[in-house]
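One structure is given here, and the rest of the page talks about it.
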Amino acid sequence: MLWNVDLTLVDVAIVTRDAYAEAFRVVTGRPLVKLVPPLGRPDSEIVFETLAVNGIVAEDDHLPRFLSALATAFADRRGRLGQDGRMMPGAKTALKAVSRLDGVVQTVLTGTIRANAVHKLKAFGLDRHVDFELGGYGEEVYPKATLLQVAQSRAKQRLGTPFTAANTVVIGDSTRDVQAARIGGAGMIAVASGRSMASELREAGADIVLPDLSNASEVVAAVAALTAPLDRAAR
C-alpha cells in the first residue's frame, strides 16, 4: 500500500515554499522569484524547472546541493508544520483502518524527498503505520512509475513476496499519481482532495475515486477490492 503525501495525507504548502526559497538562496545566492507548481512532480524535477524559470543554468552539482539545502531548510521549519499546515480530512483514521487489514504494509510513494516526507507525517502523528524504508522518494531521479517499481522491489527483498498490480495499491490525489499506478503496475484509489477533480481522476484511469479519506470504511473496502485475495478480512 503506497500513499502519496502532499494533498493526500497533509497540506504543508506554505512551509514547503518557504523551505524552497531558503534552499534556492543558499544554492544560488539569489532570491527565489518563482517556484513552479508541484502538480504531482518529484522534488528533483521541481528543482530543475525552478532553476530554469529563475534564469539559472543547471550544473552537475546543483541537484544534490539543492536537495541537501532543502532538507536542512525544511527541518529548520518543521516546528511550523502543525501551525501553518493541516492534516487532510480522515487521514489518520484511514491509515489506522488500513493497518488492520491482514498482510498489508503501508509506505509512501511521493515526490517529496525522504527526510521531508518523514517530517510531514510525523508532525501530524501519521508516521505510526508507515514503513519509510520501503517507499519511493523525490531525491530518486526516476519517473514516479519507476519509483513505484523500485518500492515494489524493496518490499519483495524485505518481505519475500512478489508485488504486482494484483497486490499493490496506490492512493493519491493527482492525475500523475494515477498515471504512475497505471504504468508502474498497481491498483489506484484516487482522492479528489487535491487539485485534480474527480472527473479528471476517472478519465486518467483511476480504479476507484473517493471525495477524500473521511470515510475509513470506504477506504478499506476500496483497498480490499483492488488486492488479492478478494476476501481479505480485517483483524
List pairs: first residue in the range 199-216 and over 13 Å from THR8 (Cα atoms), second residue hydroxyl-bearing (Ser, Thr, Tyr) and open to solvent by 70 Å² or more (accessible area, probe 1.4 Å) anywhere in the structure, Cβ distance under 6 angstrom, at least six positions apart or on different chains. ALA216/THR93
Which pairs have Cβ atoms under 7 Å, sit 6 or more apart or on different chains, and link a residue in the range 31-50 that is more than 27 Å from ALA190 (Cα to Cα) and part of a loop (DSSP other than H, G, I, E, B) to one that is open to solvent by 20 Å² or more (accessible area, probe 1.4 Å) and not charged (D, E, K, R)? LEU32/ALA21; LYS34/VAL53
Looking at the range 115-163 only, could you name the residues that are of a type in the set (Lys, Arg) and in contact with a helix residue (DSSP H, G or I) (Cβ under 7 Å, 6 or more places away or on another chain)? LYS120, LYS144, ARG154, ARG158
Quick one: which residue in VAL53, VAL36 is within 19 Å of the chain's Cα centre (by Cα) and either under 14 Å from GLY138 (Cβ atoms) or exposed (fewer than 15 other Cβ atoms within 10 Å of the Cβ) (or both)? VAL36
With criteria (1) closer than 14 Å to THR112 by Cβ; (2) part of a helix (DSSP H, G or I); (3) among the small types (Gly, Ala, Ser), SER68 comes up short on (1)
Within the range 127-175, restricting attention to residues that are open to solvent by 30 Å² or more (accessible area, probe 1.4 Å) and among the β-branched types (Val, Ile, Thr), which residue is nearest to ARG114 (Cα to Cα)? VAL141
Determine if the range 71-85 includes at least one residue that is β-branched (Val, Ile, Thr), part of a helix (DSSP H, G or I) and farther than 22 Å from MET197 by Cβ. yes
Taking only pairs six or more apart or across chains, which ones have beta-carbon atoms under 6 Å, a first residue in the range 93-104 that is surrounded by fewer than 20 Cβ atoms within 10 Å (Cβ to Cβ), and a second residue that is modelled with pLDDT under 95 and of a type in the set (A, V, I, L, M, F, W, C)? ARG100/ALA234; LEU101/ALA234
Based on what the data block shows, is ALA21 closer than 23 Å to LEU95 by Cβ and modelled with pLDDT of 95 or more? no
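The values are calculated or read from the model by the stated rules, or taken from the named source; none is laboratory data. Given the structure is predicted, the values throughout are model-derived calculations rather than measurements. Don't worry about glycine lacking a Cβ; one is built from the backbone with ideal geometry, like all the others, and counts go over all protein chains shown. The protein model used for the area step is the full one, side chains on, heavy atoms only, and it has no ligands, DNA or RNA in it. Shrake-Rupley method; radii C 1.70, N 1.55, O 1.52, S 1.80 Å.
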